[in-house]
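What follows is a single structure, written as structure tokens, with notes after it.
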Amino acid sequence: MPRYILLPACLSTLVLASCASVPNIPLLKSEKKPVLAVLEPVAGSGVSGTLEVAAVADGVRIAGRITGVAPGSMHGLHIHERGDCSAPDSSPGGHFNPRGADHGDAAALVHHLGDLPNQGADAQGNMAVDVTVHQATLDSKLNDDVLGRSLVLRAGPDDYSTQPDGGGGAAIACGVILRKP
């Protein structure tokens with residue numbers, strides 16, 4: 001057999017044989033599983049939704065859809081300190097407030113980290129939520145981390161002044177911020 005054919009054939013065999021000896025190591029996924037808050041109705045409200053929570057350059061973005069609210073209504077939405085929706089008007093604790101600030105408008109200098117802008121429903125009773133919580137983190141294990149906390153939607157709007165909760169009324173939906181399988 002000519003040498004110019006034999007050499008490539010030998011090299012191919014050597015390469016294939018060396019591949020067979022490499023152990024089967026699973027590839028690591030570079031993306032983490034999504035973080036979601038699945039809001040469930042409270043006391044038969046019929047309000048539900050799914051909000052995705054993601055780390056962004058200047059904080060945490062919460063975006064998604066909530067359905068079943070009164071058409072054209074306004075509602076307070078807040079991150080609460082505990083991830084417990086078993087009794088949504090008490091078990092989630094107060095608004096997430098790692099800096100010990102007074103309650104207020106998220107656009108103001110002084111507010112709880114968990115104070116979010118009021119959310120409005122369209123004519124069909126649907127809400128498109130898209131807010132950024134500046135200075136919050138996700139899955140950082142730091143004091144300002146929102147993972148494992150709850151999101152609570154209130155029956156009415158936040159007045160941004162009533163201490164400590166904004167006077168939005170009873171909870172109508174609640175969900176815990178969790179990494180989903």
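The values are calculated or read from the model by the stated rules, or taken from the named source; none is laboratory data. These numbers were taken from a predicted model, which means no experiment stands behind them. Cβ atoms come from the backbone with ideal geometry, glycine included; neighbour counts cover every protein chain shown.
Odds and ends about this structure:
- Residue in segment 58-78 that is modelled with pLDDT of 90 or more, more than 30 Å from residue 124 (Cβ to Cβ) and either over 24 Å from the mean Cα position of the chain (by Cα) or among the basic types (Lys, Arg) (or both) present: no
- Residue 107 being without any contact (Cβ under 8 Å) to a residue 24 or more places away in the chain, in a loop (DSSP other than H, G, I, E, B) and surrounded by fewer than 20 Cβ atoms within 10 Å (Cβ to Cβ): yes
- The sole residue among 89, 122, 130, 159 that is of a type outside the set (A, V, I, L, M, F, W, C) and not in a loop (DSSP other than H, G, I, E, B) is 130.
- Of all the listed residues (102, 139), the sole one being under 16 Å from residue 36 (Cβ atoms), at pLDDT below 95 and assigned to a loop (DSSP other than H, G, I, E, B) is 139.
- Screening the candidates 161, 150 for the property of being among the hydroxyl-bearing types (Ser, Thr, Tyr) and at pLDDT below 95 yields one hit, 161.
- Count of segment 31-49 residues which are in contact (Cβ under 8 Å) with a residue 40 or more places away in the chain, in contact with a Gly (Cβ under 8 Å, 6 or more places away or on another chain) and not aliphatic (A, V, I, L, M): 5
- Exactly one residue out of 105, 130, 139 is on the phi > 0 side of the Ramachandran plot and acidic (Asp, Glu), and it is 139.
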